[in-house]
Amino acid sequence: MARTPDKTSSRTKQGKPRPAATKRAANSMWGGRFAAGPAAIMTEINASIGFDRRLYRQDIAGSQAHCRMLVKQGLISAAEGKKIAAGLETILREIEAGKLRIDPKLEDIHMHVEARLAELIGEPAGRLHTARSRNDQVATDFRLWVRDAIDRMDAGLAALQAVLLARAEEYAATVMPGFTHLQAAQPVTFGHHLMAYVEMTGRDRSRLQDARVRLNENPLGAAALAGTSLPIDRHMTAKDLGFAAPMANSLDAVSDRDFALEFLSAMAICAVHLSRLAEEIVIWTSAQFRFVTLSDAFTTGSSIMPQKRNPDAAELVRGKVGRVIGDLNALLITMKGLPLAYGKDMQEDKEPVFDAVDSLELCVAACAGMIGDLRANAPVLQAAAGEGYTTATDLADWCVRKLNMPFRNAHHVAGRIVRLAESQDKPLEALTLAEMQTVEPRITRDIFAVLGVANSVKSRVSYGGTAPANVKKQVARWRARLAKEPR
């Protein structure tokens, strides 16, 4: 809600009333140019402290690095640098203790830190902003924050992978129907199905790591847009803050947000993977499927139907994905029409990223919890795996392998045998050899070795196939890979 303007007024030199909006003291950060303060609504729309206060650790870390560089380069004295560093440490402790006093007129976290520093140490605080602008300052803070968020996200996804691996190993030989078009297609194992999400999550982590490499360049020292005439050392601050290098173009340094867009894009893809997993959990837990169960820990009841157990955690994961995708779209639209270099529109870059991170971190944790909690209903899964003539492809493959039949011909033979079984309302393995031989006389009794669902999954030994032995090998491969990652 807009704040009510101060209705008191003073007098101009000519004795005329001064409007309330111009009576306020000019902003201390740029007061030399502006003789009057902003209107109340301007203060409200201009302020970002309500959300960018999250950047306080990164802002103080960037200021400390900048201060050390200014001292080394002789741009401020060692004594001034010591006072600034001590003041920044005090502010960090105050903020972490919840003592940050919010003043919308100070707009953002950068000005709050600077104003508090001036209260603590006086005149030396004004020297900290030497050779930098809020443009390169916020770009640096935001890159540091996104870098930290990627590291947290990666750890969360690694934890999800560990849970998936544990359940995949447990259910490596548990047969279930594999689907295409949500129709029973071929038997697979539940462990193999879960391993698909391990692979997806691995690519999600890879995308995040790639994004981290590209964002890890330092904007600090680009100043407003053109660099500075002062003898700064940008390589020093880059190294100090853990960046690979300073950004090579000052215009790009302050105006680029593709690091945020790439991060949002990687998160959106990851979110879609989680949504697919959540959708499967919703389907699997339904009374019509009963493939898995979730405990009370990840389900809710109904206010009117006593029997209900609703998979709300999965549904909420599925729902929150829309927010993450929307956050990506929001920032793409914000950036699409901006000329170089900085525009105030770019203040809108942080809320979509913050929201997406909050949403996705919660979804990752919820999925890890649900996978750890669920229990597979093996008898139901096995029964369902045999429905719909899911071993018909095994029959065709047998004809190729044993009868040297072209696959297209084998496909037709298998299809005619399926039609025969359907006409008698029997599964394939319930047909007699003589009945099958009415379709293809060369079929032998060996055919029955491939028609059961357990036999089917055991035979799928090609690399990446569903055979239980394959699943266990893939689990071991992934565990070894995760064990080599730095902690």
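The values are calculated or read from the model by the stated rules, or taken from the named source; none is laboratory data. Since this is a predicted model, take the numbers as computed values, not measurements. Positions of Cβ are generated from backbone atoms using ideal geometry, with glycine treated the same way; all protein chains shown enter the neighbour counts. Keep in mind that these areas ignore ligands, DNA and RNA; they rest on the heavy atoms of the full protein, side chains included. Shrake-Rupley method; radii C 1.70, N 1.55, O 1.52, S 1.80 Å.
A few comments on the model shown:
- Single unsatisfied condition, VAL317 versus (1) among the β-branched types (Val, Ile, Thr); (2) open to solvent by less than 20 Å² (accessible area, probe 1.4 Å); (3) over 27 Å from the mean Cα position of the chain (by Cα): (3)
- Residue in region 258-276 that is open to solvent by less than 20 Å² (accessible area, probe 1.4 Å) and not hydrophobic (A, V, I, L, M, F, W, C) present: no
- When LEU92 is tested against (1) surrounded by fewer than 16 Cβ atoms within 10 Å (Cβ to Cβ); (2) under 30 Å from ARG487 (Cα atoms); (3) free of Cβ contacts under 8 Å to residues at least 40 places away in the same chain, exactly one condition is not met: (1).
- Residue list for region 286-308, restricted to those being open to solvent by 40 Å² or more (accessible area, probe 1.4 Å) and closer than 23 Å to LEU182 by Cα: ALA287, GLN288, PHE289, ARG290, THR293
- Any hit, region 68-75, residues being among the hydrophobic types (A, V, I, L, M, F, W, C), under 13 Å from GLY126 (Cα atoms) and open to solvent by 40 Å² or more (accessible area, probe 1.4 Å): yes
- Helices (runs of 4 or more DSSP H) contained in region 407-464 and holding at least 2 residues of a type in the set (D, E, K, R) and in contact (Cβ under 8 Å) with a residue 12 or more places away in the chain: 407-423
- Just one of (1) more than 27 Å from ARG290 (Cα to Cα); (2) open to solvent by less than 40 Å² (accessible area, probe 1.4 Å); (3) assigned to a helix (DSSP H, G or I); (4) of a type in the set (D, E, K, R) fails for ASP394. It is (1).
- Counting only helices (runs of 4 or more DSSP H) that fall entirely inside region 179-282 and contain at least 2 residues that are under 30 Å from GLY386 (Cβ atoms) and in contact (Cβ under 8 Å) with a residue 40 or more places away in the chain, the qualifying elements are 190-215.
Residues checked against (1) in contact with a His (Cβ under 7 Å, 6 or more places away or on another chain); (2) more than 24 Å from HIS192 (Cα to Cα); (3) surrounded by 15 or more Cβ atoms within 10 Å (Cβ to Cβ):
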| site | (1), (2), (3) |
| --- | --- |
| LYS426 | no, yes, no |
| ALA430 | no, yes, no |
| MET436 | no, yes, yes |
| ALA449 | no, no, no |
| SER456 | no, no, yes |
